[in-house]
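The values are calculated or read from the model by the stated rules, or taken from the named source; none is laboratory data. Predicted, not measured: the structure shown is a model, and the values here were computed from it. Ideal geometry is used to build each Cβ from the backbone, glycine not excepted, and the neighbour counts take in all protein chains shown. Quick note on the areas: whole protein, heavy atoms, side chains included, nothing else; ligands and nucleic acids left out. Shrake-Rupley method; radii C 1.70, N 1.55, O 1.52, S 1.80 Å.
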Amino acid sequence: MNNHYCTEINLFIRSLIFWMYSIITIVLYSFVCLAALPCSLRFRHTLIRKYMHVYFYVLKKVCRLDYRVEGMENIPDSRNGIIMCKHSSTWETFFLPQYFHTPAALAKRELGWIPFFGWGLALSDPIFINRNDKKSAMQQIIDKGRKCLSEGRSIMIFPEGTRVPFGKVGHYKMGGARLAAATHYPIIPVAHNAGWFWPKRSFIKKPGTITVVIGPLIEAGDLKPEELLKLTKDWIEGTMSRIGVQSFVDKSTGY
């Protein structure tokens, strides 16, 4: 049995253990979410962050997948904004709530109907959008987003809409940029290379260290939505081309 084959088996077993942990704890945690719905939003987000903290600890210990963050100084202390993040993995959906407290995720309403996962999502009080009604979807984003921003919450948006394979560029949608232009709140761009370690629709989690970069605020000012979207896309994709993966992989596995 060669070393590569042994490594593949090892990665499969570790990923299987983490998958089992995820399924069991998400199901159990969903009942905690239902019980916590009458509690304050602040308390509910504290529960989410505590669960995520343990989740990433187990991911690190079982799959040997860790992360590091650049640009923490770019998270404003006294201002909220519109977080626009690269979407290439499941990982970032768990990561963002840890660093941006009480964020309102923009999500299609069908996600809220998924048993267990949807209950957990509902706990965070997201902005559910009916994307089948395209005419009103944008107005829903602006109206609900403006309300959340006025309450001091940040809005969490994946401008590509769906996960794209690592190294690819998806179609950036206008929703977040139009919300920024309409409300004059800043955009907080986020790039990461999680899609290489935890790819879309992949069971295997590759060991190593994910790099997350939080960029400087992109002030809305009097810029048009198209200009804001271009600035955001250019920063995210420019940072993606810089991050790379090879210097942060686990040398003991060959990945």
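Starting from the Cα gyration tensor of segment 74-157, take the square roots of the eigenvalues, sort them a ≥ b ≥ c, and report rounded, prolate or oblate (rounded when a/c is under 1.5, otherwise prolate if a/b is larger than b/c, else oblate). The shape class here is oblate.
Contact order for the chain, expressed relative to its length and based on alpha carbon pairs under 8 Å spaced 6+ residues apart, stands at 25 percent. Only helices enter this figure: runs of n ≥ 4 DSSP H residues, each worth -39500 (n - 2.57), summed and divided by the residues of the chain, yield -15500 deg cm²/dmol at 222 nm to the nearest 500.
Just the protein heavy atoms count here, and of the accessible area of the chain at 1.4 Å, carbon and sulfur take up 60 percent.
For segment 107-221, the extents of the C-alpha atoms along the principal axes are 41, 37, 26 Å, listed from largest to smallest. In the chain the Cα-Cα distances spread across 5 Å bins starting at 0 as 1, 6, 13, 17, 19, 17, 13, 8, 4, 2, 1, 0, 0 percent of all pairs. Over the Cα atoms of segment 1-151, the radius of gyration divided by the Kirkwood radius equals 1.02; this is the Rg/Rh ratio. Once the 1.4 Å probe is applied to the protein heavy atoms, the chain comes out at 50 Å² accessible per residue. Near Leu65, the amide H atoms lying under 5 Å from its own belong to Lys60, Gly208; only residues 5 or more places off or on other chains count, and H is placed 1.01 Å from N. On the beta carbon distance between Arg109 and Cys6, with R0 = 45 Å, the FRET formula returns roughly 0.50. When each full DSSP H helix of the chain is screened for a Cα extent of at least 20 Å along its own axis and an average Kyte-Doolittle hydropathy of at least -0.5, the helices passing are 3-36, 41-63, 225-243. Legend: residue pairs Lys173/Lys206; Lys50/Lys173; Lys200/Lys224; Lys86/Lys206, Cα-Cα distance threshold 25 Å; pairs beyond threshold, Lys173/Lys206; Lys50/Lys173; Lys200/Lys224.
For segment 119-177, what is Rg from Cα atoms divided by 2.2 N^0.38 Å, rounded to two decimals?
Rounded to two decimals, the normalised Rg is 1.25.
Starting from the Cα gyration tensor of segment 27-72, take the square roots of the eigenvalues, sort them a ≥ b ≥ c, and report rounded, prolate or oblate (rounded when a/c is under 1.5, otherwise prolate if a/b is larger than b/c, else oblate). It is oblate, given that a/c is not under 1.5 and a/b is not larger than b/c. Our estimate of slack between Glu226 and Arg79, defined as 0.36 nm per intervening residue step minus the Cα-Cα distance, is 50.6 nm. Per-residue packing, averaged as other Cβ atoms within 10 Å, sorts the ranges 61-67, 74-80 into the order 61-67, 74-80, beginning with the highest. Taking amide H atoms as placed 1.01 Å from N in the peptide plane, the amide H of Glu70 lies under 5 Å from those of Val212, Val213, Ile214, each 5 or more residues away in sequence or on another chain. Computed on the Cα atoms alone, the convex hull of segment 1-45 gives a volume of 60 cubic angstrom per residue. Please give the FRET efficiency for Val169 paired with Leu28, using the beta carbon to beta carbon distance and R0 = 41 Å, rounded to the nearest 0.05. Efficiency, from the Cβ-Cβ distance: 0.60.
If the chain linking Gln98 and Gln139 were pulled fully straight, counting 0.36 nm for each residue of separation and taking away their Cα-Cα distance, it would gain 11.9 nm.
Can you compute the charge dipole magnitude of the chain about its Cα centre, using +1 on each Lys and Arg Cβ and -1 on each Asp and Glu Cβ, nothing else charged? Give it in debye, rounded to the nearest 20.
The calculated dipole for the chain is roughly 520 debye.
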